[in-house]
């Protein structure tokens with residue numbers, strides 16, 4: 001408990017910002033869902049067959065996995081708050097529509113007859129009889145929609161929309177349960193508080209409810225319009241994949257760019273997700289830069305890549321050329337270290353079974369239980385290539401990146417995929433098996449951006465090229481260790497390295 005309280009205290013600045021982001025996304029999504037679902041349900045009470053169809057449609061929409069929905073929305077509307085709000089609105093439609101429809105259609109027929117006998121028009125009957133009578137049921141649906149929205153909104157962090165999900169993702173990646181609890185507890189408390197506020201609103205008259213709703217809608221619209229008309233400073237958005245290493249790299253990019261161009265505002269989108277999310281976001285101009293690895297470019301992103309294995313330098317040149325030809329993107333000079341894919345086992349397991357290379361796994365194939373990331377499992381330069389080259393076929397479970405390390409530590413699996421600079425290799429006393437069939441291509445990291453962006457921002461290119469040929473494998477592994485194990489902040493670790501190497505002015509953070 002003491003550690004949890006300390007984490008809350010240490011993260012209070014970031015927590016406040018994340019909380020505001022979460023509230024903004026959640027409230028906006030709820031308002032839009034109410035404005036869509038309630039009028040539609042009221043109209044549907046007089047069109048029963050259409051109502052049945054709408055209930056089925058909203059029910060089907062709610063069954064779409066949230067990650068799949070976010071992935072489908074990114075190519076259409078980009079990253080950030082917009083796809084998150086669209087997804088959350090979709091999930092809230094069913095409970096609000098259903099409660100409104102059921103609440104009105106199940107009103108005592110005698111009340112409806114009495115209203116007709118008094119000669120009430122349809123609108124009068126709606127606002128004086130139907131809505132007041134059905135309001136407890138409607139409010140229960142709105143409350144259910146709100147809880148769904150707040151819980152699902154934690155996934156918005158995966159697409160750069162921020163919110164409390166940032167703490168959960170960060171905790172998973174760093175194997176830090178305190179950070180996970182900060183995000184989860186804050187999300188639960190937020191749901192309880194907002195649900196209580198809805199109960200207060202329930203006591204208002206229909207007229208006051210409508211006025212309150214109108215004020216909230218006008219306020220949200222006003223904020224949006226103000227943001228659009230206000231003069232904007234130039235903003236550069238840099239995103240990174242999940243994990244400590246991408247977080248360190250994008251913080252280095254930020255420091256170098258702001259040193260070269262002090263008036264430029266740099267926004268970081270951390271723990272953004274897998275390769276395809278980032279690449280699609282770059283193509284659709286939703287981000288400006290992200291660090292990518294040469295082997296990943298050739299194996300995953302470009303078409304007609306050379307099939308023969310080449311040197312690290314030639315791999316970079318091929319990746320640079322194909323990105324330019326196929327996507328009009330600039331791939332800057334790479335860093336020194338290679339963060340290659342690898343298969344790892346515990347050292348005592350390797351010693352017991354005389355394991356030095358991946359080929360040696362064939363001798364104990366019936367003993368093997370693998371745990372690997374979903375991306376690695378489906379890549380040609382990952383498990384697909386390993387199975388083919390080494391003729392291996394042992395059971396492999398899909399796992400989130402940090403969880404596979406917990407699994408190998410606890411003996412639930414005995415083989416895992418890894419990156420050569422992962423701090424957990426040192427922390428958990430693991431052995432990296434030699435890729436004697438050379439399945440894994442060279443992996444050097446470098447900033448990736450659109451050519452149009454590079455031409456417009458030569459100062460950014462100049463700043464980021466300072467990292468060319470810098471950072472050794474041991475240095476990167478040590479920085480990852482500082483973040484993952486010693487719990488140092490990624491921006492502090494990045495800043496201190498740049499200062500130490502003379503790439504940044506200042507005495508460190």
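Sort 387-394, 101-108 by the packing proxy (mean of other Cβ within 10 Å over each peptide's residues), most packed first. It would help to have the intermediate numbers written out before the result.
Values: 387-394: 14.6, 101-108: 17.5.
The most tightly packed comes first, giving 101-108, 387-394.
So for the stretch 341-433: antiparallel DSSP bridges make up what percent, rounded to the nearest 5?
Working: 8 of 13 bridges.
Around 60 percent antiparallel, to the nearest 5.
Tell me, what are the semi-axes, in whole angstrom and largest first, of the equivalent ellipsoid of the stretch 77-118 as set by the roots of 5 times the Cα gyration tensor eigenvalues? It would help to have the intermediate numbers written out before the result.
Values: eigenvalues 301, 18, 4 Å².
They are 39, 9, 4 Å, listed from largest to smallest.
Over the stretch 371-509, what is the mean sequence separation of C-alpha contacts under 8 Å (at least six apart), divided by residue count, expressed as relative contact order in percent?
On the way: 105 pairs, mean separation 29.1, N = 139.
RCO, the stretch 371-509: 21 percent.
With angles folded into 0 to 90 degrees, how steeply does helix 490-500 sit against the dominant principal axis of the chain? Use alpha carbons for both and round to 10.
Approximately 40 degrees, to the nearest ten.
Please figure out what share of the DSSP beta bridges in the chain is antiparallel and state it in percent, rounded to the nearest 5.
Here the antiparallel bridges make up roughly 55 percent for the chain.
Estimate the FRET efficiency between residue 283 and residue 400 by the formula 1/(1 + (r/R0)^6), using the beta-carbon distance for r and 30 Å for R0, to the nearest 0.05.
In this case the efficiency is close to 0.70.
Between residue 76 and residue 308, what is the spin-label point distance in nm, taking each point 7 Å from the Cα along the Cα→C-beta axis?
Going from the residue 76 label point to the residue 308 one covers 4.5 nm.
Using only Cα atoms, tell me the angle between helix 473-484 and the longest principal axis of the chain; keep it within 0 to 90° and round to the nearest 10.
That works out to roughly 30 degrees.
Would you mind pulling out the separation of the Cα centroids of the stretch 445-474 and the stretch 287-361, in Å?
Going from one Cα centre to the other spans 18 Å.
Run the numbers on the chain and let me know its relative contact order in percent, using alpha-carbon pairs under 8 Å that are six or more apart.
Worked out over the chain, it gives 15 percent.
What is the extension gain from residue 473 to residue 120, computed as 0.36 nm multiplied by their sequence separation minus the C-alpha to C-alpha distance, in nm to one decimal? Could the numbers behind the result be given before it?
Numbers: separation 353, 0.36 × 353 = 127.08 nm, distance 7.85 nm.
Extra length from residue 473 to residue 120 when fully extended: 119.2 nm.
Testing the spin-label approximation: label points 7 Å from Cα along Cα→Cβ at residue 393 and residue 47. State their distance in nm.
The answer from the label model is 5.5 nm.
At R0 = 22 Å, how high is the FRET efficiency between residue 452 and residue 326 if r is their beta carbon distance? Nearest 0.05 is fine.
With a Förster radius of 22 Å, E is 0.90.
When a/c reaches 1.5 or more, the comparison of a/b and b/c decides; with that in mind, is the stretch 111-157 rounded, prolate or oblate per its Cα gyration tensor?
Prolate, since a/c reaches 1.5 and a/b exceeds b/c.
Put one equal scatterer on each alpha carbon of the stretch 109-193, apply the Debye formula with no solvent term, and list log10 I(q)/I(0) at q = 0.18 1/Å to two decimals.
With one equal scatterer per Cα and no solvent, log10 I(q)/I(0) is -0.77.
Under a plain spin-label model, where a point goes 7 Å from the Cα along Cα-to-Cβ, how far apart in nm are residue 20 and residue 199?
2.9
Please report the spacing between the Cα centers of the stretch 171-204 and the stretch 363-390 in Å, no decimals.
For the stretch 171-204 versus the stretch 363-390, the Cα centre distance is 39 Å.
Kirkwood hydrodynamic radius (Cα pairs, Å) of the stretch 2-229?
Result for the stretch 2-229 stands at 19.1 Å.
Kindly provide log₁₀ I(q)/I(0) values, in the same order as q = 0.23 Å⁻¹, from the Debye equation applied to equal alpha-carbon scatterers of the stretch 341-433.
The Cα Debye sum returns log10 ratios of -1.28.
For the Cα atoms of the chain, what angle does the longest principal axis make with the long axis of helix 66-77, in degrees from 0 to 90, nearest 10?
Tilt relative to the chain: about 90 degrees.
How much length would be gained if the chain were fully extended between residue 6 and residue 410, taking 0.36 nm per residue of separation minus their Cα-Cα distance, in nm to one decimal?
So the extension gain works out to 142.7 nm.
Pairs of alpha-carbon atoms within less than 8 angstrom and 6+ residues apart define the contacts here; what relative contact order does the stretch 2-229 have, in percent?
26
Can you work out the FRET efficiency for the pair residue 465 and residue 499, with r the C-beta to C-beta distance and R0 = 22 Å, to the nearest 0.05?
Computed FRET efficiency for residue 465 and residue 499: 0.75.
Roughly speaking, what % of Cα-Cα pairs in the stretch 227-385 are separated by over 20 Å, rounded to a whole number?
Every Cα pair in the stretch 227-385 considered, those over 20 Å come to 62 percent.
Read-outs: derived from the displayed coordinates by stated rules, not from any lab. Everything numeric here is computed off the predicted structure, so don't read it as measured data. Cβ: placed from backbone, ideal geometry, glycine included. Neighbour counts: every protein chain shown.
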